[in-house]
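Only one structure is covered here, and it is reproduced in the block below.
The values are calculated or read from the model by the stated rules, or taken from the named source; none is laboratory data. Everything numeric here is computed off the predicted structure, so don't read it as measured data. Note that each Cβ is placed from the backbone with ideal geometry, even for glycine, and that neighbours are counted across all protein chains shown.
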Amino acid sequence: MISLSESSEPRLKIRARKDGYVPEPERTDLAVRVRDLHVTYKTTFEKRPTLKQALVRFGRGVRATQTVEALKGVSFDVKNGTTLGVIGSNGAGKSTLLRVLAGIIPPSEGNVETWGRASTMLALGVGFNAALTGRENILLGGLAAGLTKKQVLDRTQQIADWAEEGSDRFIDRPMRTYSSGQNARVGFSVGVHMDPDILMVDEALSTGDAGFRERAAHKLEELRAQARAMLFVSHGLNSVRELCNDCIWLDHGRLVMRGHPDEVTAAYLEFLHVKETGMNAEEY
């Protein structure tokens, strides 16, 4: 049995690292502001020992630490009504950027401000409790998104209906029985039906069957038409061109270029020395 409690979320969230930084008051024109954002973290790994080290350490490896600069001085604004595509190769810092904006990881340096309720779809279905039903996870997801008890209850059936459209009824079964596509349906439906001011999507359209991808793209287009802000991370350049009206290109943690999606994706492909075809436009 799930117990619901009232919940609310402030419209302005600040994640600042610079001393003396004074945030701006409520903005009606901006959804996101990023200034000189750096994210640095350390990772440990085991090095292959030399013969001498192996003898001294009885065959055990040597632990080493590596510093990774995931983002390096990234700055940009996102106005309301903007759908910002974020492109770049693996390891460019795209998902790290969204995780900072969502408050999942803190910045090492720099300032991040967001105005409004954010809904994050970084990995559809991640965070659900497999022992609970889809409907129960919808309730939990709504509360986690900052909605009140009444708001969650009012839209639970709408979310369930969208998730189940065109498929067998599964919403009241435990989620451990779901396929990956059914998980994606529920996760996406929760995210887009929470009336977000800022929607952050990381490769959501690459999951699920063709019917789901078409409905998902249509729903994202509806949200964009409502003058809300969306950040869309994708390797699918065609999807970026179709859904976005602005685009940034990250490479090794740095912002290389910002502009119209057609111009930025063309420059990105030229940088990769790739001749685009209809088959590979969804792979980069």
Count - residues of the range 235-245 that are closer than 18 Å to Val32 by Cβ and crowded, with 18+ Cβ neighbours inside 10 Å
3
Within the range 157-175, the count of residues that are of a type in the set (Asp, Glu) and assigned to a loop (DSSP other than H, G, I, E, B) comes to 3
Quick one: would you say Glu26 is of a type in the set (D, E, K, R) and at pLDDT 65 or above?
yes
Within the range 213-234, residues surrounded by 15 or more Cβ atoms within 10 Å (Cβ to Cβ) and out of contact with any helix residue (DSSP H, G or I) (no Cβ under 9 Å at 6 or more places or on another chain) come out as Arg228, Ala229
Among the helices (runs of 4 or more DSSP H) confined wholly to the range 176-274, which include 1 or more residues that are acidic (Asp, Glu)?
210-225, 237-243, 261-272
Residues being in a helix (DSSP H, G or I), buried (at least 17 other Cβ atoms within 10 Å of the Cβ) and touching a residue at least 60 places away in the same chain (Cβ under 8 Å) - total across the range 133-156
5
Residue count for the range 238-262, restricted to those that are closer than 16 Å to Leu272 by Cα and either out of contact with any strand residue (DSSP E or B) (no Cβ under 8 Å at 6 or more places or on another chain) or among the aromatic types (Phe, Trp, Tyr) (or both)
3
